[in-house]
Amino acid sequence: MSFETLGLSADMLRAVSEEGYTVPTPVQKQAIPYILQGRDVLAGAQTGTGKTAAFTLPLLQRLSTGPAPEKVKGRKPIRALVLTPTRELASQVEESVRTYGKYLSLTSAVIFGGVNINPQFSMLRRGVDILVATPGRLLDHLGQGSLDLSSVETLILDEADRMLDMGFIRDIRRVIAVLPKKRQNLMFSATYTDEIRTLAEGLLANPASVEVARRNTPAEKVAQRIFPVDRDRKRELLSTLISEGDWRQVLVFTRTKHGANRLAKQLEQDGLTTAAIHGNKSQAARTKALAGFKNGEVRILVATDIAARGLDIDMLPHVVNFELPNIPEDYVHRIGRTGRAGAEGEAVSLVCVDENDFLRGIERVLNRSLPKEVIPGFEPDPSIKAEPIFKARQPRGHAGPRPGSKPRSGGHGRGGRNQSSRRKPQGRA
Ligand code: AMP
C-alpha cells in the first residue's frame, strides 16, 4: 500500500515523499483514513511507529481543505491543539507539523514551560492554526487570558498514558473543559490502562480503534543480557564495556536525575564524552545534549525514563540499564530504543543485589528469564547484602504495587525521590 491510496492530497504526498517515506507504517495506514473522515480515534501506538505523521498528515489536510474560520478579535483562531507530556515531544511534534505542512499556508507554534513566557505571548497574539503544548504551560496561558481555545476543531492527546503517569490528568480535564463541545478527538497511547480507558470513554465519541503491534517486542530483535555486578562497581564496568567494546552511541538509563548527573560526570572523568538529559535540565541544555548525541559528538547519553520518553532516538546499537527501572513496562520502553528494523541492537542491564526483585518483575512481564553473564574481574561479592532502594511510603495516587516494584520497608535514600515523583504532578514541562 502506498500513501496515495490513503486519500492524502498532493501537497501532503509531496511533503511525505521529500521525507523519503515510500510506504505508510501500520498506524498510518489504519489511522489516516479515519482521521480524514473526521472520526474520533483511539490509537495504541508508541514512539517510533510513525504515529506523529499518522495524526499530523490528516490533521493538516483537514485544516487546509476545510473552510477558513473568521478571525476572533483580529486574531487567527487556534483550530487544532496537540497536548504532549514533555517539552521534547512537543518540539518534535511541532517540527513534524512544519515539515509535513511545508506546502500549506497553515501556521503552528509550540509552547512549554521552563522557558521565557513572553515570546509565547506575542506568538499567541498573532494567532496560529495549530498549537502544540504541554499541559502546565498551556494552563498558565489560559489563566492569564493569553489563549483562546474556543475555536479548536481537533484535539490530540499524544502519549496520553505518559501524561497520566506524570500526573497531568487534572490539567487535561481543565483544558478539555474550555474546548468547544463539538470537535474531533484523537488519542494516542502506548498502553491501555484502566485510567486510559476511563479518559477515552469520557473524551471520545464512537471512536475508531487503531492498534498496532509494539515496534519490536524485545524477544524478537533485541539481544538482552544481564551483567550481575556489585553496586559500587557499576560505573567501572560500564566504562570498561564501552571502551573495550568500542561502543560509539550508547543510551544509558538511570532511575534518578541525580544519578544521571553523577554518572555523566564520572564517565566524563573516564574520558568518555557524555551528556545527561532529565527533567531538571533547561530546554536549551536538553536540545543541545540530544543534538550532540545524534550527530556523534556525544558518545554517551545518560537519561531518566521520563526524559527519554518521546524522544526520537532509536535504532541505537546500545542501550544500557545502569539501574533497572522499578516498573517493568519501562524496561520494555527502554530497550525498544534498540534493534529496530533488523538493525543489530543490544540491551544490557547492570544488576546489583539490590535489584533482584526488579529483575524478577521484568522477567515475569517478558515471560522468560534473561541470560546472565558475569564479566571476569567484576564478579559480585556474595557477602554484600541487598539494600533497600525506595522509601517505604508510597506517594499519593500511586497505582499500587506492581510486580517487582514493591518498596522494601525501612528503606532510605537511593532513588526514593524519583519514585515519589513518578506519579505526582512534576516536571511541568
Ligand atoms: P514517531 O513514531 O512519530 O516518533 O516516528 C518515528 C520515526 O519514523 C520518525 O523519525 C519519522 O520521521 C519516521 N517515519 C514516520 N513515518 C514514516 C514512514 N512512513 N516511513 C519511514 N519513516 C517514517
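The values are calculated or read from the model by the stated rules, or taken from the named source; none is laboratory data. The shown structure was predicted, so the numbers you read here are calculated from the model rather than taken from an experiment. Heads up, the Cβs are rebuilt from the backbone with ideal geometry, glycines too, and the neighbour counts pull from every protein chain shown.
Does any residue of segment 286-298 turn out to be of a type in the set (A, V, I, L, M, F, W, C), surrounded by fewer than 24 Cβ atoms within 10 Å (Cβ to Cβ) and within 16 Å of the ligand (Cβ to nearest atom)? Full working, then the answer.
To start, the set of residues in segment 286-298 that are of a type in the set (A, V, I, L, M, F, W, C) comprises 289-291, 293, 298.
Then drop every residue that is not surrounded by fewer than 24 Cβ atoms within 10 Å (Cβ to Cβ), which leaves 289-291, 298.
With within 16 Å of the ligand (Cβ to nearest atom) added as a condition, the list becomes 290-291.
Within segment 286-298, one or more residues are of a type in the set (A, V, I, L, M, F, W, C), surrounded by fewer than 24 Cβ atoms within 10 Å (Cβ to Cβ) and within 16 Å of the ligand (Cβ to nearest atom).
Show me the strands (runs of 3 or more DSSP E) found entirely inside segment 110-190 where at least 2 residues are more than 24 Å from the chain's Cα centre (by Cα). Full working, then the answer.
On the way: elements: 130-133, 154-157, 184-189.
Of the strands (runs of 3 or more DSSP E) lying wholly inside segment 110-190, none has at least 2 residues that are more than 24 Å from the chain's Cα centre (by Cα).
State whether one or more residues within segment 35-45 are under 19 Å from SER189 (Cβ atoms) and either among the acidic types (Asp, Glu) or without any contact (Cβ under 8 Å) to a residue 24 or more places away in the chain (or both). First the steps, then the outcome.
The initial filter retains those residues of segment 35-45 that are under 19 Å from SER189 (Cβ atoms), namely 35, 39-45.
Restricting the remaining residues to those that are either among the acidic types (Asp, Glu) or without any contact (Cβ under 8 Å) to a residue 24 or more places away in the chain (or both) gives 40.
Yes, because at least one residue in segment 35-45 is under 19 Å from SER189 (Cβ atoms) and either among the acidic types (Asp, Glu) or without any contact (Cβ under 8 Å) to a residue 24 or more places away in the chain (or both).
Would segment 50-58 turn up any residue that is assigned by TED's automatic domain parsing to the domain that holds PRO180, over 25 Å from the mean Cα position of the chain (by Cα) and of a type in the set (Lys, Arg)?
Of all residues in segment 50-58, those assigned by TED's automatic domain parsing to the domain that holds PRO180 come to 50-58.
From the residues that got through so far, the ones that are over 25 Å from the mean Cα position of the chain (by Cα) too are none.
The answer is no; no qualifying residue exists.
For segment 227-242, which residues satisfy the criterion of being among the hydroxyl-bearing types (Ser, Thr, Tyr) and over 29 Å from the mean Cα position of the chain (by Cα)?
Residue satisfying the conditions is THR240 alone.
Inside segment 299-328, can you point out the residues that are hydrophobic (A, V, I, L, M, F, W, C) and over 26 Å from GLY113 (Cα atoms)? Break it down into steps so the answer makes sense when it comes.
Filtering segment 299-328 down to residues hydrophobic (A, V, I, L, M, F, W, C) leaves 300-303, 306-308, 311, 313, 315-316, 319-320, 322, 324, 327.
Matches in segment 299-328: ILE300, MET315, LEU316, VAL319, VAL320, PHE322, LEU324, ILE327.
Only residues that are exposed (fewer than 15 other Cβ atoms within 10 Å of the Cβ) and either of a type in the set (Gly, Ala, Ser) or under 13 Å from ALA308 (Cα atoms) (or both): list them for segment 262-279, please.
GLY271
This table checks each residue for (1) of a type in the set (S, T, N, Q); (2) modelled with pLDDT under 85; (3) touching a helix residue (DSSP H, G or I) at 6+ places or on another chain (Cβ under 6 Å).
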| residue | (1), (2), (3) |
| --- | --- |
| GLN269 | yes, no, no |
| SER282 | yes, yes, no |
| ARG286 | no, yes, no |
| ALA291 | no, no, no |
| GLY296 | no, no, no |
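Condition first: within 30 Å of ARG125 (Cβ to Cβ) and buried (at least 17 other Cβ atoms within 10 Å of the Cβ). Now tell me which residues in segment 54-73 satisfy that. Full working, then the answer.
First, the residues of segment 54-73 that are within 30 Å of ARG125 (Cβ to Cβ): 55-73.
Once the filter is applied, which keeps residues that are within 30 Å of ARG125 (Cβ to Cβ) and buried (at least 17 other Cβ atoms within 10 Å of the Cβ), segment 54-73 yields PHE55, THR56, LEU57, PRO58, LEU59, LEU60, GLN61, ARG62, LEU63, SER64.
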